[in-house]
Each structure stands twice: as C-alpha cells, then as structure tokens.
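To start, the structure itself, in structure tokens.
The values are calculated or read from the model by the stated rules, or taken from the named source; none is laboratory data. The model shown is predicted, which means the values in this text are computed figures rather than measured ones. Positions of Cβ are backbone-derived with ideal geometry, glycine not excepted, and every protein chain shown enters the neighbour counts. Heavy atoms of the whole protein, side chains included, go into the accessibility calculation; ligands, DNA and RNA do not. Shrake-Rupley method; radii C 1.70, N 1.55, O 1.52, S 1.80 Å.
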Amino acid sequence: MENTNKGEGKVSIWCIVSLASIPLIMTLGNSMLIPVLPILEKKVGITSFQSSMIITSYSVAAIFLIPVAGYLSDRFGRKVVILPSLILALIGGLIAGFASWKMEDPYTWIIIGRILQGVGASGAMPIVLPLVGDLYKDDDEKTSSCLGVIETSNTFGKVLSPILGSVFAAFLWFLPFFSISFFSLISIVLIFFFVKVPKEKDEPIIFKQFLSNIKKTFKLEGKWLFTVFLTGMFAMLILFGVLFFLSESLDSAHDIKGIKKGFILAIPLLFLCIASFITGRNIKGKLTLIKKMMVICLIAISASVLFVGFTSKRLVFLLIVTSIMGIAIGAILPVLDAIITENIEKEERGTISSFYSSARFIGVAAGPPIMSLVMKDYLHISYITAGVLGFILLFIVFKCIQVDEINKTEKNSAL
C-alpha cells in the first residue's frame with residue numbers, strides 16, 4: 001500500500017473543489033427545476049403530478065443504477081466511472097432542453113432526458129464519498145472534514161438551485177435544462193485535470209469474492225447500515241416533499257413568483273447548508289458524537305415537520321418551521337456520510353456508499369409525487385404521519401446504532 005502521508009499530500013485544494021463540483025452540479029440538476037415546475041405545468045400543459053415526475057424520473061433512474069456504478073468503481077476505478085457518467089448527464093440536459101425549445105409536445109422527451117441525467121447522476125455523485133475515503137485513507141478527521149465540504153457543496157447547490165432556476169426561467173423557461181449541461185461540462189474538465197486517484201498495487205478482487213465480501217459486510221454490520229440507509233431516505237423524502245409543497249404554496253397561496261420566489265425558497269436551504277458545513281467540520285469521526293447528532297436531528301426533523309401544514313397560510317411561520325427542519329437535515333447528512341465512509345473497508349466502500357445513495361434517491365424520488373397527491377385533501381394528515389415515522393425511526397436508531405458493536409466489528413476486520 002502507498003504511504004498515507006504521501007497520499008495525503010496529493011490531495012490539493014483544486015482536487016477537493018473538483019470533487020465538490022459533482023454533488024453541487026447534480027443537485028442543481030434536480031433541485032433547480034423545483035421553482036420552475038409551476039411554469040412547466042402551464043407551458044407544457046401538464047398536471048401537478050406530471051410535473052413532479054420530472055423530478056422523480058431523474059431519481060428513479062439513479063436508484064437502480066447507483067449500486068452498479070458502485071461496484072464498477074470498486075472494480076475498475078472511481079474516475080473511470082465518474083467521467084462517462086458526467087457526459088451522460090450533459091447529454092440528458094441537451095435532450096430535455098432541445099425538446100422544450102423545439103417540440104410542441106415535449107413532455108415525453110423531457111422525461112427521457114431526465115432519465116439519462118439520472119443515469120449520469122448514478123455514476124457520478126455516489127462515487128465521490130468512497131473516493132474521499134480513498135484519498136485520505138485511514139485519517140478519519142480529514143475524511144470527516146472533507147466529507148463536510150462535499151455535503152456542504154451538495155446543500156449549497158440546494159441553496160443556489162431555486163435562485164438560479166428562477167433567474168434562468170425568467171429569461172427562457174427551458175433554460176435550466178441547458179444550464180445543467182453547461183455545469184456538467186465544467187465538472188468534467190475539473191475532474192479530468194485535477195483529481196488524481198491513488199494507484200492501487202493490489203489486484204482488484206473477482207466478482208464472486210466481491211459478492212461474498214458484501215454479504216459478509218451486511219451480515220456483520222447490516223443492522224446499523226440499514227438504519228443509516230433508512231435515515232438518509234427519510235431525510236430526503238421530507239426535504240423534497242416539503243420543497244415541492246413550498247414551491248406550489250408560494251405560487252398559489254401567496255402569489256409569489258419568479259426570482260422573488262427563488263430567494264424565498266432558498267431561505268430554509270441556506271440554513272441547511274450552514275448546518276451541514278458546521279457539522280462536517282466538527283464530527284471528526286467520533287462515533288459517540290455521530291449517534292448523538294442523529295438522535296438530536298431526528299427529533300428536530302420529526303417535531304418541525306408536524307407544523308408545516310398548520311403554518312402553510314402564514315408565510316413567516318412557515319419559513320421558521322422549514323428553516324428549523326433545514327438545519328436538522330443539513331446537520332444529519334454529513335453525519336450519515338461519515339459513519340459509512342469511515343467504518344466500511346475500502347474494497348466494499350464504493351458499493352456500500354452506493355446503496356446508501358440509492359436510499360437517499362428513493363426519498364428524493366418519492367417526495368414530490370407523494371406531496372402532489374396528498375397536499376389538497378390530506379395535507380395535515382401527511383405531515384403528522386411524517387412526524388410519527390420520524391419518531392419511529394428515532395427508536396430504531398437507539399436500538400440499532402450501537403457504538404461499541406461498530407467499533408468492535410471495525411477492529412476485527414482490521415485484524
């Protein structure tokens with residue numbers, strides 16, 4: 001194996017910036033369309049549910065292909081998977097953009113373009129987490145700090161998304177699709193020139209042995225891994241469901257449109273971004289602190305989401321509630337990244353991280369369509385149900401995230 005210090009010296013600021021560009025751009029590729037959905041409904045002549053599928057189609061494609069990308073990255077290398085994936089995301093944006101621009105009935109082609117973007121996202125975004133672990137090897141503190149930067153980039157993309165989406169749509173309603181391709185091109189250039197993946201002297205393991213190792217990992221650590229997967233899925237389900245509702249509510253209930261709407265949507269996301277950055281810089285691989293943060297954040301998410309429906313007619317209170325929720329979600333995401341990246345062996349890290357990313361994408365995919373179906377007749381019931389589910393998940397975290405067991409398993413695997 002390469003010397004750790006030598007490997008660490010190769011991680012330049014430009015390398016971290018390049019890695020951070022991927023979650024930033026992939027987040028822009030999805031979240032930037034949320035404030036534009038009401039405009040899309042009018043321009044394309046589609047329902048609220050159909051517009052939610054523009055978000056969901058991107059995420060569904062990613063859900064099924066992310067584990068495949070994780071295995072390929074473990075087998076053939078992270079960069080080999082990331083670059084073609086970014087190219088696919090670029091092509092998907094062009095298809096959706098040209099269809100919106102030139103076709104009378106572009107909805108089907110928009111969905112095709114979005115699916116292609118989702119395929120690209122599946123091979124780019126999840127590979128970043130294990131790549132950070134590869135670059136910093138056994139330095140948990142630096143890994144946690146860098147993961148904090150990566151997750152902050154992800155959340156910063158969510159802050160920028162409604163603003164950029166609204167600004168672009170103010171010029172041309174389909175411009176956000178083309179902008180995704182442009183941003184993907186920037187990321188391709190950055191990754192190609194600045195990310196130097198550590199060379200492995202060991203031969204990659206064969207597929208049969210790889211499957212055996214994955215089964216062994218889930219057998220030994222499945223209890224806490226599935227809990228982390230569920231938590232990530234729940235956080236994204238709440239976030240994207242609430243964002244979709246907030247976008248529709250600002251448009252219909254409060255008559256706030258255009259760029260102003262984008263800035264208001266960005267308020268809870270700004271708090272999410274700040275919380276993500278602060279948490280990422282302070283957890284430093286401490287499992288006891290990680291569990292405490294998961295508990296605190298789940299309590300805050302579950303409690304705040306209960307009040308979203310009841311405050312929907314009062315904008316100030318609605319923004320306060322969603323901002324509290326944003327802080328909790330922003331704080332929990334780098335915690336979940338860290339517990340997986342720092343406690344899974346390198347050979348399986350890409351695949352396990354990919355399962356986790358798939359779980360998060362399930363939440364992203366389910367949030368908008370579920371909200372589009374329930375917000376007219378079952379708004380309060382849906383948010384109360386979400387709060388109850390959060391408290392049930394809190395119990396599961398208490399039961400299944402056992403710090404001593406994780407530390408013991410990690411020590412045994414190192415022997």
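The table below gives the values:
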item: Any hit, segment 255-266, residues being over 28 Å from L172 (Cβ atoms), in contact (Cβ under 8 Å) with a residue 40 or more places away in the chain and assigned to a helix (DSSP H, G or I); result: no
item: Scan of segment 197-225 for residues that are more than 30 Å from L393 (Cα to Cα), modelled with pLDDT of 65 or more and not aliphatic (A, V, I, L, M), ordered by number; result: P198, K199, F207, K208, Q209, F210
item: Scope segment 47-56; condition outside any helix (DSSP H, G or I) and buried (at least 19 other Cβ atoms within 10 Å of the Cβ); matching residues; result: none
item: Qualifying residue in segment 238-253 (condition: of a type in the set (A, V, I, L, M, F, W, C), outside any loop (DSSP other than H, G, I, E, B) and open to solvent by 60 Å² or more (accessible area, probe 1.4 Å)); result: no
item: Neighbours by Cβ (under 6 Å, 6+ apart or cross-chain): first from segment 68-84, in contact (Cβ under 8 Å) with a residue 24 or more places away in the chain and of a type in the set (S, T, Y); second open to solvent by less than 70 Å² (accessible area, probe 1.4 Å) and part of a helix (DSSP H, G or I); result: Y71/T351; S73/V81; S73/I127; S73/G350
item: Among (1) under 23 Å from G241 (Cα atoms); (2) in contact (Cβ under 8 Å) with a residue 24 or more places away in the chain; (3) among the acidic types (D, E); (4) open to solvent by 20 Å² or more (accessible area, probe 1.4 Å), the one test that E345 misses; result: (1)
item: So I299, is it among the β-branched types (V, I, T), part of a helix (DSSP H, G or I) and touching a residue at least 60 places away in the same chain (Cβ under 8 Å); result: yes
item: Tally, over segment 93-108, of residues that are under 30 Å from F192 (Cα atoms) and either free of Cβ contacts under 8 Å to residues at least 60 places away in the same chain or among the β-branched types (V, I, T) (or both); result: 3
item: Every residue from segment 64-90 that is closer than 18 Å to I111 by Cα and open to solvent by 30 Å² or more (accessible area, probe 1.4 Å); result: F64, L65, I87, L88, L90
item: Residues that are of a type in the set (F, W, Y) and over 17 Å from the mean Cα position of the chain (by Cα), drawn from segment 107-160; result: Y107, W109, Y136
item: Flag for L287 being surrounded by fewer than 24 Cβ atoms within 10 Å (Cβ to Cβ), at pLDDT below 90 and out of contact with any Lys or Arg (no Cβ under 8 Å at 6 or more places or on another chain); result: yes
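Here is a yes/no grid of residues against (1) part of a loop (DSSP other than H, G, I, E, B); (2) free of Cβ contacts under 8 Å to residues at least 60 places away in the same chain; (3) surrounded by fewer than 23 Cβ atoms within 10 Å (Cβ to Cβ); (4) on the phi < 0 side of the Ramachandran plot:
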site	(1), (2), (3), (4)
K292	no, yes, yes, yes
V308	yes, no, no, yes
A328	no, yes, no, yes
A331	no, yes, no, yes
P334	no, no, no, yes
I339	no, no, no, yes
S353	no, no, no, yes
M371	no, no, no, yes
F391	no, no, yes, yes
